[in-house]
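A quick write-up on the structure given underneath.
The values are calculated or read from the model by the stated rules, or taken from the named source; none is laboratory data. For clarity, every value in this text was computed on a predicted model and none was experimentally measured. The accessibility values were calculated without ligands, DNA or RNA, using every heavy atom of the protein model including side chains. Shrake-Rupley method; radii C 1.70, N 1.55, O 1.52, S 1.80 Å.
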Amino acid sequence: MIFSKAGFGGAVADFEAAVVAQDAKRSGKAFVRLQETFGQAKEADLLDGGPRLAAVLEHVPPGPRAVVAVLVGACVERGADAERCAPGVRAGLRVALEGAAAFAGAWAATGGGPFPVPDAGEPGEEIVGRTGFDAAVGWWTLRQWEMAAVALLNHRAVRAGAGGDREELLRLLATVEQASGEQFRSLGHALRVLDDEPLVALHRTSGTGYALRFFGIGDNFQLHTLLADALIGGGHVAGHAPSPHEVAVCRETPGQVDTVGSFDLTAPDGGRLWNEGAPADIPVVDGVRLLVLDEPSYRRSWPAGRFFPGMRGDVILERALEPEETERWFAHVSPAKELTG
């Protein structure tokens with residue numbers, strides 16, 4: 001077969017045409033070329049190819065669909081329009097999660113046992129016989145869908161466009177994780193990232209309170225450092241302030257740098273909020289997330305940076321609360337609980 005154009009751009013055009021025409025032989029050849037030519041693709045072909053591949057995802061057979069989705073995500077990481085690519089990837093992710101959840105149910109109903117570890121090929125006959133093909137492919141390809149989805153969820157506009165779908169995707173993900181014992185931490189954190197989110201932080205030692213707003217924060221390690229910069233670095237409370245470099249890598253500068261903790265992050269009920277968690281874990285009180293900052297109970301260090309290196313994040317201090325406001329918020333707060341264990 002003579003292809004119309006060389007390189008990744010030609011492979012995209014041929015794959016797109018073959019999928020629309022439901023020409024399995026031609027699409028199979030173009031599928032191989034997509035993978036072979038991506039590494040040498042020109043920028044223009046990546047910018048054009050990502051949205052075109054995303055638009056035909058639903059028509060691609062279940063097995064190779066996830067690989068094409070990964071290529072779409074890789075195009076987005078190289079500059080393709082994330083918003084144009086998002087609907088196709090989000091729909092495919094949902095189908096994969098539904099399949100994986102069905103796989104979990106069928107696996108349990110047919111004897112259970114440890115979940116099979118997906119390999120590079122397609123699920124074997126024994127597994128398909130127990131769960132059905134679509135369910136098996138859902139489980140088999142879920143890691144690839146995680147990669148593709150996270151690449152797009154790095155973008156704030158994509159997160160905003162997901163709307164109510166995020167709750168359903170998280171529900172399905174929780175079902176799969178509970179049944180399989182596997183954690184899809186990157187996908188779970190990405191689906192829970194908050195943007196333009198108001199936060200009230202109460203500093204217990206000084207009895208002061210602050211209204212803040214944050215976006216694009218992947219985990220509480222990142223939140224911790226940026227809060228310390230806003231409040232300690234800003235001269236509002238006493239404590240250890242992170243260096244400018246530590247703060248920069250938590251916003252948008254590439255890399256990591258060692259830092260130490262400035263607070264214990266505490267929920268209003270006195271329970272500990274761990275750095276390994278996410279800002280979405282902070283309880284909502286009267287419509288606003290309410291966080292208590294306690295003195296650090298022990299010295300803890302970690303590499304400051306971003307859970308999602310491609311996601312820009314920040315914490316903005318809007319104002320210090322008036323004493324009366326602070327007192328009203330502190331009325332919702334219990335003493336910090338002793339750690340047991």
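Strictly greater than 25 Å: what percent of every Cα pair in the stretch 141-267 meets that?
The share of Cα pairs beyond 25 Å in the stretch 141-267 comes to 37 percent.
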Quiz item: Which order do 145, 329, 274 take when ranked by solvent-accessible area (1.4 Å probe, heavy atoms of all protein chains), largest first?
Solution: 274, 329, 145
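Quick one, what does Rg over Rh come out to for the chain if you take C-alpha atoms and the Kirkwood Rh?
On the way: Rg = 23.4 Å, Rh = 22.2 Å.
Computed over Cα atoms, the ratio is 1.05.
Considering every pair of different Cα atoms, what Kirkwood radius, in Å, is found for the stretch 1-77?
Values: mean 1/r = 0.0836 Å⁻¹.
Every distinct Cα pair counted, the radius reaches 12.0 Å.
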Quiz item: What is the spread of the Cα atoms of the stretch 31-168 along each of their three principal axes, largest first, in whole Å?
Solution: 50, 36, 23
Quiz prompt | Accessible area per residue in Å² at 1.4 Å probe, computed on the chain | solution = 46 Å²
Quiz item: Taking the stretch 204-249 on its own, what percent of its Cα-Cα pair distances exceed 12 Å?
Solution: 63 percent
Quiz item: Just for the Cα atoms in the stretch 43-87, what are the lengths along the principal axes, largest first, rounded to whole Å?
Solution: 27, 16, 13
Exercise. Would you please report the Å³ per residue occupied by the convex hull of the alpha carbon atoms in the stretch 249-290?
Key: 97 Å³
Practice problem: Would you check the accessible area of residue 337, probe 1.4 Å, heavy atoms only, in square angstrom rounded to 10? | Solution: 120 Å²
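To one decimal place, what Kirkwood hydrodynamic radius in Å is obtained for the stretch 266-309 from all pairs of distinct Cα atoms? Walk me through the numbers on the way to the answer.
Working: mean 1/r = 0.0820 Å⁻¹.
Mean inverse Cα-Cα distance, inverted, gives 12.2 Å.
How much length is gained if the chain between residue 91 and residue 23 is pulled fully straight, taking 0.36 nm per residue apart and subtracting their Cα-Cα distance, in nm to one decimal? Please report the intermediate quantities before stating the final value.
On the way: separation 68, 0.36 × 68 = 24.48 nm, distance 2.28 nm.
Net length gain for the segment: 22.2 nm.
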Quiz item: Just the accessible area for residue 332, please: 1.4 Å probe, Å², rounded to the nearest 10?
Solution: 80 Å²
Quiz item: What is the Cα convex hull volume of the stretch 204-341 when expressed per residue in Å³?
Solution: 105 Å³
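I'd like the projected area of the stretch 120-178, averaged over all directions, using the convex hull of its alpha carbons. Report it in nm² with one decimal.
Values: hull surface 19.5 nm².
Hull-based average projected area comes out at 4.9 nm².
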Exercise. Run through every distinct alpha carbon pair of the stretch 177-223 and return the Kirkwood hydrodynamic radius in angstroms, one decimal place.
Key: 13.0 Å
Practice problem: Mind jotting down the three principal axis lengths of the stretch 268-337 based on Cα atoms? Whole angstrom, largest first. | Solution: 39, 28, 19
Quiz item: In square angstrom, rounded to the nearest 10, how much accessible surface does residue 286 have for a 1.4 Å probe?
Solution: 120 Å²
